[in-house]
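After the structure tokens below, expect a handful of questions from me.
The values are calculated or read from the model by the stated rules, or taken from the named source; none is laboratory data. For clarity, every value in this text was computed on a predicted model and none was experimentally measured. Heads up, the Cβs are rebuilt from the backbone with ideal geometry, glycines too, and the neighbour counts pull from every protein chain shown. Note: areas computed on protein heavy atoms with side chains; ligands, DNA, RNA excluded. Shrake-Rupley method; radii C 1.70, N 1.55, O 1.52, S 1.80 Å.
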Amino acid sequence: MSQKEKEIILSVCLTCKLNEDENNSKLAGEKLAHKLIDKFKNKKNVTLRGVNCMSNCKRSCIVSLTAENCFTYVFGDIDPKNSDYINSLQELLLTYSKSEDGFLRRRHRPEIYRSNIVGRFPAINSKSNIIINLKK
Ligand code: FES
């Protein structure tokens with residue numbers, strides 16, 4: 001029996017810049033967005049949305065993934081010219097989709113997504129054991 005794939009929201013910052021952007025008409029964030037549109041156009045469970053600045057400008061380019069009742073992850077330092085980031089994102093989304101609460105262990109992430117996490121945020125109702133209630 002196949003498990004229903006999780007609905008995932010993949011966000012990409014459209015206004016991220018890299019050094020070489022000064023000589024180009026398109027920003028690195030826009031270039032990344034176009035590559036992601038191509039990559040995920042047939043993935044029905046992935047909603048792709050562009051965001052005008054995700055407030056992590058020093059870690060350009062930025063993407064995030066989130067789903068209902070799941071951890072939200074933000075990844076940075078993504079170079080749209082490096083196709084490994086685009087191709088490995090598909091593998092990352094599949095792993096995320098299979099995880100009950102969206103928690104992604106470092107060793108389960110593709111190599112290229114192991115050291116560029118900018119943030120990991122539990123869902124509001126998360127029962128994850130990494131959360132400690134400090135106001136009892
Ligand atoms: S411009 Fe991309 S995070 Fe601010």
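With respect to LEU104, is the statement that it is more than 14 Å from the ligand (Cβ to nearest atom) and either at pLDDT 95 or above or among the charged types (D, E, K, R) (or both) true?
yes
Please go through the range 53-66 and pick out each residue that is open to solvent by 10 Å² or more (accessible area, probe 1.4 Å) and more than 14 Å from the ligand (Cβ to nearest atom). Can you show your working first?
The first filter runs over the range 53-66 and keeps only residues open to solvent by 10 Å² or more (accessible area, probe 1.4 Å), leaving 53-60, 64, 66.
Answer for the range 53-66, where residues must be open to solvent by 10 Å² or more (accessible area, probe 1.4 Å) and more than 14 Å from the ligand (Cβ to nearest atom): just THR66.
Is there any pair linking a residue in the range 97-126 that is β-branched (Val, Ile, Thr) and in a helix (DSSP H, G or I) to one that is modelled with pLDDT of 95 or more and open to solvent by 40 Å² or more (accessible area, probe 1.4 Å), with Cβ under 6 Å and at least six apart or on different chains, and which?
ILE112/ASP84
Looking for something within 16 Å of the ligand (Cβ to nearest atom), of a type outside the set (Phe, Trp, Tyr) and either touching a residue at least 12 places away in the same chain (Cβ under 8 Å) or more than 16 Å from SER115 (Cα to Cα) (or both) - is there at least one such residue anywhere in the range 37-47?
Within the range 37-47, the first condition is being within 16 Å of the ligand (Cβ to nearest atom), and the residues that meet it are none.
Taking every residue of the range 37-47 in turn, none turns out to be within 16 Å of the ligand (Cβ to nearest atom), of a type outside the set (Phe, Trp, Tyr) and either touching a residue at least 12 places away in the same chain (Cβ under 8 Å) or more than 16 Å from SER115 (Cα to Cα) (or both).
Consider the range 67-79. How many of its residues are assigned to a loop (DSSP other than H, G, I, E, B) and without any contact (Cβ under 8 Å) to a residue 60 or more places away in the chain?
Total meeting the criteria: 5.
Okay, next question. Restricting to the range 1-40, count the residues that are modelled with pLDDT of 95 or more and assigned to a loop (DSSP other than H, G, I, E, B).
4
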